[in-house]
1. Would you be able to say whether some residue in the stretch 51-70 is under 20 Å from the mean Cα position of the chain (by Cα) and at pLDDT below 95?
2. Going residue by residue through the stretch 81-92, is there one that turns out to be free of Cβ contacts under 8 Å to residues at least 60 places away in the same chain and either of a type in the set (V, I, T) or touching a Pro at 6+ places or on another chain (Cβ under 9 Å) (or both)?
3. What residue, of T59, T94, T23, is among the β-branched types (V, I, T), out of contact with any Lys or Arg (no Cβ under 9 Å at 6 or more places or on another chain) and not in a helix (DSSP H, G or I)?
4. Restricting the first residue to the stretch 122-133 and requiring it to be within 16 Å of S158 (Cα to Cα) and assigned by TED's automatic domain parsing to the domain that holds S158, which pairs with a second residue that is of a type in the set (S, T, Y) and outside any helix (DSSP H, G or I) meet a Cβ separation below 8 Å and a spacing of at least six or different chains?
5. Of all residues being at pLDDT below 95 and not in a loop (DSSP other than H, G, I, E, B) in the stretch 210-228, which is nearest to K176 (Cα to Cα)? Just the residue, please.
6. Taking into account only those residues within the stretch 229-250 that are modelled with pLDDT under 85 and outside any strand (DSSP E or B), which is nearest to Y89 (Cα to Cα)?
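The values are calculated or read from the model by the stated rules, or taken from the named source; none is laboratory data. For clarity, every value in this text was computed on a predicted model and none was experimentally measured. Counting neighbours? That spans all protein chains shown, and the Cβs are built from the backbone with ideal geometry, glycine included.
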Amino acid sequence: MNFERYESIGIKQTIRFEWMLKTVNLLLAGLDSKSIRMELHEYLREKRGDGSIGERGETSRSQVVNMLMKIWVSPDQDLLTFRDSCLSYLSEKTDQPLAVHWAMVAAVYPFWFNVAQTTGRLLGLQDQATQSQVVGRLKEQYGDRQTVARYGRHTLRSFVTWGVLKDSVNKGSYEKTSLISIKDSQPTILLLESSIRASKESKIPLKILLSSPSLFPFSLPSVPVEHISQFNERLEVVRYGLDDTIVQII
């Protein structure tokens, strides 16, 4: 396991959802790593993080390309089988793509997971979450660095472009959007695995996973416990007590 990713911030630019889709389409088309990188550079040459069209600097474009490559094309070695399962699902079904992309980026960049968890926790207590509130809590975890505030803003803007948050009338504040209802067990289980991989723990109680504020954009179905190991050979379910269950990476 690469423990460095848990301390890394990494979200150096806004990541738009359609860019994630483009990367997966190139990967599923069978292009090699070098070709995908070249295609992404060309694709993003005049695409900005706010959705506008206009030439962007080479540095910011390279940062986005590097992130997209890291997420889907060349994740850490211990995430390759997880990546392959996400790709397999996306190649067969098209009804829950955002949940699977969310699972992948959160596993590769735990900072994304932590921003989501902080945002979800705040929105569970109040109608709006402010940028300053989210960044303040992130600094408690990552230290009072300028990059925490800047990359935290990029991640929040990514949430907005993905449609899981919306800007409030109050500048720097965000509100919930409609929940994304997930019907299928497989993307749900991928989200649960992602949550474990985004944390430093190798095992987490199932009820905590299902109620995690990091999954605030989603309405999850009830997942039969036996389906978790059945659909995912990387996860093991351990029962303890009368009705408590732990899910762990094996």
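1. Yes: one or more hits.
2. Residues of the stretch 81-92 that are free of Cβ contacts under 8 Å to residues at least 60 places away in the same chain, as a first pass: 83-84, 88, 92.
Next, from what is left, pick out any that are either of a type in the set (V, I, T) or touching a Pro at 6+ places or on another chain (Cβ under 9 Å) (or both): 83.
Yes, the stretch 81-92 contains a residue that is free of Cβ contacts under 8 Å to residues at least 60 places away in the same chain and either of a type in the set (V, I, T) or touching a Pro at 6+ places or on another chain (Cβ under 9 Å) (or both).
3. Values: T59 fails: not in a helix (DSSP H, G or I); T23 fails: not in a helix (DSSP H, G or I).
T94 is the lone residue from the list that is among the β-branched types (V, I, T), out of contact with any Lys or Arg (no Cβ under 9 Å at 6 or more places or on another chain) and not in a helix (DSSP H, G or I).
4. A129/S173; A129/Y174; T130/S173; T130/Y174; Q131/S173; Q131/Y174
5. L210
6. In this case the residue turns out to be D243.
Residues are listed down the side, and each one gets a yes or a no for (1) among the small types (G, A, S); (2) closer than 24 Å to P97 by Cβ; (3) in contact (Cβ under 8 Å) with a residue 24 or more places away in the chain; (4) assigned by TED's automatic domain parsing to the domain that holds T118:
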| residue | (1), (2), (3), (4) |
| --- | --- |
| T147 | no, no, yes, yes |
| T155 | no, yes, yes, yes |
| F159 | no, yes, yes, yes |
| N170 | no, no, yes, yes |
| I189 | no, yes, yes, no |
| A198 | yes, yes, yes, no |
| L209 | no, yes, yes, no |
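Listed here are the residues, each with its yes/no results for (1) of a type in the set (D, E, K, R); (2) in the same structural domain as R150 (by TED's automatic domain parsing); (3) in a loop (DSSP other than H, G, I, E, B).
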{"residue": "I71", "(1), (2), (3)": "no, yes, no"}
{"residue": "P75", "(1), (2), (3)": "no, yes, yes"}
{"residue": "L79", "(1), (2), (3)": "no, yes, no"}
{"residue": "R83", "(1), (2), (3)": "yes, yes, no"}
{"residue": "S88", "(1), (2), (3)": "no, yes, no"}
